[in-house]
Each structure stands twice: as structure tokens, then as C-alpha cells.
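A short write-up of the structure that comes next.
Please treat every number below as a calculation from the coordinates, not as lab data. This is a predicted model, so every value here is computed, not measured. Cβ placement follows ideal geometry from the backbone for every residue including glycine, while neighbour counts extend to all protein chains displayed.
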Amino acid sequence: MNVHTNNFRDLAAAEFDTTTLLAHAAEQAIERRYEDFCIVDVDCHHYETEAFNEILQYMEDPVIRHEAKYQGTARGGIASADGSYQELGGRITRYPGRRIEKVPPTPHRDITLMRRWMDAMGVDLACMFPTPMLNLAACPRVEVEVAMAQAYNRWLCEKILGEEDRFKSMLYLPFNDPEACYKTVLEFADRKGVIGFMVTATHYRGVYDNAYAKTYAALQERNLPLAFHAAFNWADSGLSMTNRFIAVHALGFAWHNMLHLTNWIVNGMPERFPRLKTIWIESGLAWIPFLMQRLDNEYMMRTSDCALLKKKPSDYMRDMYFTSQPMEMVDNREALQLTFKMINAETQLLYSSDYPHWDMDLPSTIHDLPFLSEQAKRNILGDNARRLFNLEPVLSEAKQLRKAARTQQQPEINKVFGVASAAE
């Protein structure tokens with residue numbers, strides 16, 4: 001293929017295809033026999049802006065619709081003025097490649113691409129989020145955030161979630177407008193594939209604000225979790241002092257979730273909404289032990305500041321859910337093992353790939369950890385998410401074929417992905 005990258009680098013290669021790109025992931029899935037259990041990916045992404053004109057048809061405001069059509073969206077468009085750094089200047093080929101990948105006319109393009117990477121990696125169910133539109137949280141125009149969120153949520157439910165049982169989503173809440181958040185829950189809570197609601201963490205509204213109370217109550221009544229999906233904002237007054245992407249990425253994704261989780265706890269939200277489950281997504285795990293210790297230490301000296309709390313902050317954190325990616329896979333595995341113990345990972349950690357982003361994690365990052373029991377691995381890779389979201393245990397058609405092949409001793413069926421089985 002020849003991908004136009006402003007003459008920076010000619011990505012000349014064979015025709016781009018997700019299945020070929022993930023051939024080694026497919027080998028891992030076969031070698032590790034993922035067909036023996038259900039894998040749920042709690043954080044993956046699609047590039048909804050490739051269907052931007054479709055989404056705009058669901059936007060009610062004709063003025064904003066016209067402006068969005070003219071400007072485009074996400075970074076550099078109607079919602080944001082940021083630059084884009086995730087694709088490493090074109091070196092991550094799945095970023096530019098996905099735009100020209102060939103798919104059949106039906107089903108929808110996003111459905112085909114999602115199925116391809118899920119089957120290759122051994123994922124049975126996946127919670128999908130937007131990518132560029134996550135940046136709506138930092139949009140300076142609240143009415144644009146609300147209009148875009150409403151249009152995207154309606155498009156996603158009708159065109160994607162309604163057509164494929166394996167896809168789920170926690171829908172985007174336009175958090176800068178508390179009333180719009182409440183209306184979003186009422187409109188979409190019962191739609192097929194909706195398993196909760198998500199807030200992008202790069203916002204500057206207090207999660208403790210009583211204006212959100214009826215939204216939290218509505219979620220609690222429906223047993224739908226509230227997720228905080230981390231991101232970075234280089235324009236943040238503190239992070240703007242960084243001068244390398246690695247710095248803002250390392251700090252930003254952890255910082256925003258640390259901030260909102262701290263406010264959530266010290267303002268007694270777990271006591272006010274005791275049945276509302278919270279999930280903290282894409283901020284890694286290393287910050288959690290630090291924050292547990294820091295908040296406990298402060299709390300023991302100033303309990304009067306947190307009058308609603310009935311136990312230490314770390315105890316509330318152990319009741320929360322966290323996603324695994326990007327898991328800090330450094331040489332010191334003892335730190336990771338201790339982190340798993342401190343957060344009760346066997347019941348509270350949820351596997352996530354963050355595919356197709358540059359720092360994605362395959363299921364093997366969990367499966368190959370030597371300090372986990374087989375049951376703990378299966379819990380984190382799927383069973384915890386199934387219990388949290390009340391999902392039926394299913395295996396993808398591709399994994400069912402592999403299981404049948406093993407049982408019937410027909411190894412040729414194991415070549416569904418164009419790779420040989422481990423036995424061969």
C-alpha cells in the first residue's frame with residue numbers, strides 16, 4: 001500500500017489487512033487455547049470519525065451540524081485544537097492503514113474491522129469507545145460537546161450495537177452539562193449493547209457537584225456502572241510545562257483519574273451512592289498503591305474533612321474496578337504483584353487491550369503473569385467483566401471452530417486465521 005504521510009515516510013507494503021497485521025496475536029490465541037474461556041475487552045476503540053458524515057445525520061441542531069461538517073471534528077476540528085501524537089509520526093501503520101483497508105459492502109465497516117481484530121486476539125466481547133471524540137471533554141463550547149455526544153450515541157446504538165451482539169459500550173456522557181448527562185442516561189440506558197456510561201477524565205467539573213446527583217441515582221437504580229476514561233490534555237495548566245509527549249502521556253492519563261477518584265472518595269460519594277459501581281479506565285495501575293497510601297495517611301490525620309466516610313479511602317478503592325491497560329510491565333515484577341494484591345485484582349481488575357492504540361496490550365499480558373492462578377487469569381480476562389456487566393458467557397464463532405477442531409482432531413480448521421495450530 002502507499003499511505004500518504006506528507007512525504008515523511010512511504011509505507012510501501014502489501015495490501016493492509018487487520019488479520020495479517022495481528023497474525024502473531026492469532027498465534028498466541030491458539031497456543032494459549034483462549035477458546036477454553038471467554039475473554040472480555042473492557043476498553044477498545046474504533047475511529048468513529050471515519051463515519052463522521054453518518055453521525056452528523058443524527059445531530060438535531062442544524063447550525064452546529066453545518067459547522068461540524070465544514071470543520072471536521074476532534075483534534076484540529078470543531079472540538080479541539082490539539083495536535084496528534086499517538087501514531088508516532090506514521091510509524092504505527094495501523095493508524096493510516098485502517099483508512100484504506102478493504103471491507104465488504106455489508107455489514108458496516110466498523111463491524112467488520114472490530115470482528116477482525118477481536119477474532120485475531122481471541123476476544124469474545126468488547127466494550128468500544130470513540131477515539132477522536134473522547135476529546136470532546138475539553139471542547140470550549142458546551143453546546144458542541146452535547147450535540148456531538150448525542151449524535152454519536154444515537155448513531156452507535158443504531159448502526160453498530162444494534163447489529164452485533166459481541167459489541168458493547170459505555171456511552172459518552174457530556175459531563176460539562178449536568179442536565180444533558182441525566183437526559184443521556186434516560187434516553188439510552190435500555191438500548192441494546194449499552195452496559196454503562198463513561199466520562200472522559202479531561203474535564204474540569206467536580207464529580208461531587210450535586211448537579212450530577214440525579215444522574216448518579218439513575219445509574220444506581222439501573223445497576224449501570226459509571227466509568228472514567230483517562231486521557232491527556234497538553235493544554236492543562238500543569239501539564240503544559242511538559243515538552244515531550246512521553247511526559248504528558250505518562251502523567252496525564254494517571255493524573256486526571258487520580259484527581260476525580262480523590263474527589264469521589266473524600267466527598268463521600270461511595271456512601272451517598274453505595275450501589276453505584278465505578279470503573280477507572282486506561283490509566284495503568286502503578287498510581288493506585290500510591291494514592292491508597294497517600295489518602296489513608298491524610299485521612300487518619302484529618303478525618304473531619306471526610307465526615308461521610310465510614311472506612312479508610314483505600315477500602316473504598318478496593319471496591320472499585322480498574323482496567324489493566326497500560327499495565328506497567330517493568331523488570332520489577334514484585335511491584336506489579338504487590339499492586340495486584342492491594343487492589344484485589346482477582347475480583348476487581350478488568351482486562352483491556354486499548355486496541356488499536358500504540359500502547360495496546362494483548363490478552364497474553366495477563367495470561368502469562370507467573371504469579372496468577374489459572375482462575376485469577378480467567379477472572380481478569382473475562383469473568384470479572386461478565387459479573388460486573390451481567391454478560392452472558394459466549395465464545396466467538398472463530399473460537400468455537402478452534403474448539404471443535406481440537407475435539408475432532410481436525411487441525412486444518414485451526415487455520416481460520418492463516419496460521420498453523422500449536423500442534424502443527
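In terms of modelled amide H atoms, which long-range or inter-chain residues lie less than 5 Å from the amide H of Phe129?
Cys44, His45, His46
Please list, in order along the stretch 63-71, the HN-Hα scalar couplings obtained from phi with the Karplus expression 6.51 cos²θ - 1.76 cosθ + 1.60 (θ = phi - 60°), rounded to whole Hz, x for Gly and Pro.
5, 5, 4, 5, 5, 5, 5, 6, 8
Would you kindly derive the ³J(HN,Hα) couplings of the stretch 348-355 from the backbone phi angles with the Karplus curve 6.51 cos²θ - 1.76 cosθ + 1.60 (θ = phi - 60°), listing them in order in whole Hz, with x for Gly and Pro?
Working through the residues one at a time gives 10, 8, 10, 5, 9, 9, 6, 4 Hz.
Where a ≥ b ≥ c are the square roots of the eigenvalues of the C-alpha gyration tensor, would you call the stretch 37-393 rounded, which needs a/c under 1.5, or, failing that, prolate if a/b is larger than b/c, or oblate?
Judged from the Cα gyration tensor, the stretch 37-393 comes out rounded (a/c under 1.5).
Given labels modelled 7 Å from the Cα in the Cβ direction, how far is it in nm from Gln400 to Asp315?
4.6
At 7 Å along Cα-to-Cβ for each site, give me the label-to-label distance between Glu163 and Asp190 in nm.
So the label points at Glu163 and Asp190 sit 2.5 nm apart.
Take Glu328 and Asp209, extend 7 Å from each Cα along the Cα→Cβ direction, and tell me the distance between the two endpoints in nm.
Modelled inter-label distance: 3.2 nm.
What shape does the stretch 97-214 have by the C-alpha gyration tensor, where a ≥ b ≥ c are the square roots of the eigenvalues, rounded means a/c under 1.5, and otherwise prolate means a/b greater than b/c and oblate the rest?
prolate
Sort His367, His229 by Cβ crowding within 10 Å, fewest neighbours at the top.
His367, His229
Along the stretch 46-62, what does the Karplus equation 6.51 cos²θ - 1.76 cosθ + 1.60 (θ = phi - 60°) give for ³J(HN,Hα), rounded to whole Hz, x for Gly and Pro?
10, 9, 4, 5, 5, 10, 4, 5, 5, 4, 4, 5, 9, 8, 7, 6, x
Let me check against my output: what whole-number percent is the relative contact order of the stretch 37-393, with C-alpha pairs under 8 Å and at least 6 apart?
Computed over the stretch 37-393, the figure is 19 percent.
Using a Gaussian network model of the chain with C-alpha springs under 10 Å, which one of Gly268, Gly238, Gly382 is most mobile by mean-square fluctuation?
In this elastic network of the chain, the residue with the biggest mean-square fluctuation among Gly268, Gly238, Gly382 is Gly238.
Taking R0 as 35 Å, what FRET efficiency do you get between Glu31 and Glu179 from their Cβ-Cβ distance, rounded to the nearest 0.05?
With a Förster radius of 35 Å, E is 0.10.
For the stretch 141-267, what does the relative contact order come out to in percent, with C-alpha contacts under 8 Å and a separation of six or more?
Once divided by the residue count of the stretch 141-267, the mean separation gives 21 percent.
For the chain, set up a GNM with springs between Cα atoms under 10 Å and report which of Asn384, Asn344, Asn297 has the largest fluctuation.
Looking only at Asn384, Asn344, Asn297, the largest GNM fluctuation is found for Asn297.
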